[in-house]
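Working notes, structure below.
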Amino acid sequence: MNDLGLLYLHEDYQTGNPNRKKDAKLAKEAQKYQPKAVLELIYQARCNLFHGTKGFEERQRVLLDNMSVLIEFVTQKVLEKLKQDLRYPVAV
């Protein structure tokens, strides 16, 4: 997860180099609030933090802070949807 001190989410597993194109594509989709992309972003960050170097490094704080905001946003949206579904159940 370290490339000259920068964070990245995807890696080319053959070379070990960051996959910046894949990161950029994911970021672009997440900025459009595409649910799959937002969840993948959270998942990738989680994998990198827990399966990477295993120890917390100060440079990870930016990623953790942003993921906290993102998880809070997703949680609020899911709760809103659940509340709406409870008020107006879909007929089966």
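So the values come out like this:
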{"quantity": "Residue match in region 23-31 (condition: at pLDDT 85 or above, out of contact with any strand residue (DSSP E or B) (no Cβ under 9 Å at 6 or more places or on another chain) and basic (Lys, Arg))", "calculated": "yes"}
{"quantity": "Residue within region 46-64 that is at pLDDT 85 or above and of a type in the set (Gly, Ala, Ser) present", "calculated": "no"}
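The values are calculated or read from the model by the stated rules, or taken from the named source; none is laboratory data. Worth saying up front: this structure is predicted, and the values here are computed from it rather than measured. Ideal geometry is used to build each Cβ from the backbone, glycine not excepted, and the neighbour counts take in all protein chains shown.
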